[in-house]
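Read through the structure below, which is laid out as structure tokens, and then see the notes.
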Amino acid sequence: MPFINDILKYRSLSIVGLEKNTGKTVCLNYVLHRLNEIGHQCAVTSIGVDGEQTDAVYGSAKPEITLFDNMLFITSEKHYYQRQLVSEIIAVDPRRTSLGRLVTGRVVCGGKILLSGAASTGMLRSQISGFRNMGVPLTIVDGALSRLSLASPTVTEAMILATGAAVSPNISQLISKTRFVCRLIALDEVRPNLQQKLNPLEQGLWAVDAEDTVHDLHIDSVFLLDKKKSDLFAYGNTIFAAGAVSDRLVKYLAAQKNIADTLLIARDFTKFFVTPETFNEYTRRGGRINVLQRSNLVALCLNPTSPQGYNLNSDEACSALSDALGLPVYDVKKGNAQP
């Protein structure tokens with residue numbers, strides 16, 4: 001698959017799914033296999049537990065994670081002892097998770113393993129930085145469940161998005177749900193000088209005036225909007241939401257008379273907790289949205305089967321998604337792609 005060459009441009013990569021059972025582990029195994037073939041060293045870690053043989057919810061068989069010689073990894077003590085490979089221990093993190101301390105190892109003789117890693121994105125960023133300091137050119141984060149937050153550009157530089165029949169067995173709904181997330185991922189960045197000013201702000205709503213001066217609106221919650229609506233546009237029509245962008249906030253902005261002049265800025269695409277209907281109404285009325293940092297989507301992968309027994313035609317689904325999104329779509333298990 002051609003996206004492997006794109007992955008080599010980055011130092012960290014997350015593999016996330018729109019839903020559980022969208023084929024993240026299949027994507028990960030394919031990437032690891034190809035990186036091993038071309039001799040590109042990498043490290044692997046996870047949030048949550050990934051690589052189990054049986055799905056904890058549906059009881060169906062799941063692909064295990066296969067690591068190759070000289071790859072580095074982080075997993076819990078419990079799963080380190082259960083590994084089906086030969087490895088040496090490089091470090092043991094004294095901080096404990098529910099499954100014990102986290103063990104950093106190097107594969108001596110490849111095999112299968114369960115990954116259970118960091119308990120927070122902060123710990124994950126620390127692990128990625130640690131691998132980078134060790135000279136590892138690429139760290140891959142396997143996201144448990146549908147943790148899109150792992151794909152934030154504040155955590156990893158690039159991402160692979162997995163979608164498929166588990167999202168919806170209806171191809172039209174599958175396209176609609178996948179297209180919405182891809183639209184968020186593709187949002188334009190703000191200009192660099194404004195990015196530098198807004199990046200340190202961690203919470204609340206802020207206004208940006210015509211001279212790019214940033215003003216604290218002292219609105220810590222969207223529930224205070226009605227009481228402070230006269231203050232919202234006191235400095236202009238550019239609003240920065242330092243935390244989550246809620247459906248309530250976007251609906252409120254979409255209902256304003258000056259919506260066509262409004263620019264809403266979010267930190268990145270993972271901060272949006274809005275429905276497609278609310279988002280589309282806001283943009284239909286002329287509202288604009290930017291982000292401080294845009295995520296790098298290197299591949300969109302499809303799993304045509306679901307644990308409930310639904311099966312999509314892989315070729316038709318890849319083609320339909322590719323046509324609708326204007327992106328290549330890959331079924332790595334079948335080995336096909338629709339450019």
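Rule-based calculations on the coordinates, nothing more; no lab input. Since this is a predicted model, take the numbers as computed values, not measurements. FYI the Cβ positions are ideal-geometry reconstructions off the backbone, even for glycines, and counts take in every protein chain you see.
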Candidates Ser87, Ser116, Ser172: whichever shows maximal mean-square fluctuation once the chain is modelled as a Gaussian network with Cα springs under 10 Å
Ser172
Extension reserve of the Leu8-Lys334 stretch, reckoned as 0.36 nm per residue once the Cα distance is removed:
115.1 nm
With +1 on each Lys and Arg Cβ and -1 on each Asp and Glu Cβ, how big is the dipole of the chain about its Cα centre, in debye rounded to the nearest 20?
320
Packing-based exposure ordering (other Cβ within 10 Å, fewest first) of Thr104, Thr156:
Thr104, Thr156
Antiparallel bridges, percent of DSSP beta bridges restricted to the chain (to nearest 5):
50
Once normalised by the length of the chain, the mean sequence separation of its alpha carbon contacts under 8 Å that are 6 or more apart gives a contact order in percent of 20
Label model pair Ile90, Ala255: point-to-point distance (7 angstrom along the Cα→beta-carbon line) in nm is 5.3
Most fluctuating of Arg284, Arg294, Arg101 in the GNM of the chain (C-alpha, under 10 Å) is Arg284
Any idea how far the Cα center of the range 192-256 sits from the one of the range 114-175, in Å?
29
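Let me know the volume per residue of the alpha-carbon convex hull for the chain, in Å³.
Working: hull volume 49.0 nm³, N = 339.
Taking only Cα atoms, the chain has a hull volume of 145 Å³ per residue.
Might you report the magnitude of the Cβ-based charge dipole of the range 162-237 about its Cα centre, with Lys and Arg at +1 and Asp and Glu at -1, to the nearest 20 debye?
Numbers: 8 positive and 10 negative charges, 101 e Å.
So the magnitude is around 480 debye.
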As a percent rounded to 5, the proportion of antiparallel DSSP bridges among beta bridges in the range 192-291 is 45
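So how much slack lies between Ser176 and Arg248, counting 0.36 nm per residue of separation and subtracting their Cα-Cα distance, in nm? Could the numbers behind the result be given before it?
Details: separation 72, 0.36 × 72 = 25.92 nm, distance 2.16 nm.
Gain on extension, Ser176 to Arg248, equals 23.8 nm.
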Is it possible to state the helix-based mean residue ellipticity at 222 nm for the chain, with each DSSP H run of 4+ residues giving -39500 (n - 2.57), the sum divided by total residues, to the nearest 500 deg cm²/dmol? What is it?
-8000 deg cm²/dmol
For the range 214-313, what size does the Cα cloud have along each of its three principal axes, sorted from largest down, in whole Å?
53, 25, 24
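May I ask which of Lys177/Lys271; Lys229/Lys251; Lys24/Lys251 have a Cα-Cα span longer than 22 Å here? Before the final figure, lay out the partial values.
On the way: Lys177/Lys271 17 Å; Lys229/Lys251 13 Å; Lys24/Lys251 33 Å.
From Lys177/Lys271; Lys229/Lys251; Lys24/Lys251, over 22 Å: Lys24/Lys251.
Pairs of alpha-carbon atoms within less than 8 angstrom and 6+ residues apart define the contacts here; what relative contact order does the range 192-291 have, in percent?
The normalised contact order for the range 192-291 reaches 25 percent.
Report the rotationally averaged projected area of the range 142-280 based on its alpha-carbon convex hull, in square nanometres. Could the numbers behind the result be given before it?
Working: hull surface 37.8 nm².
If I average the Cα hull's projected area over directions, I get 9.4 nm².
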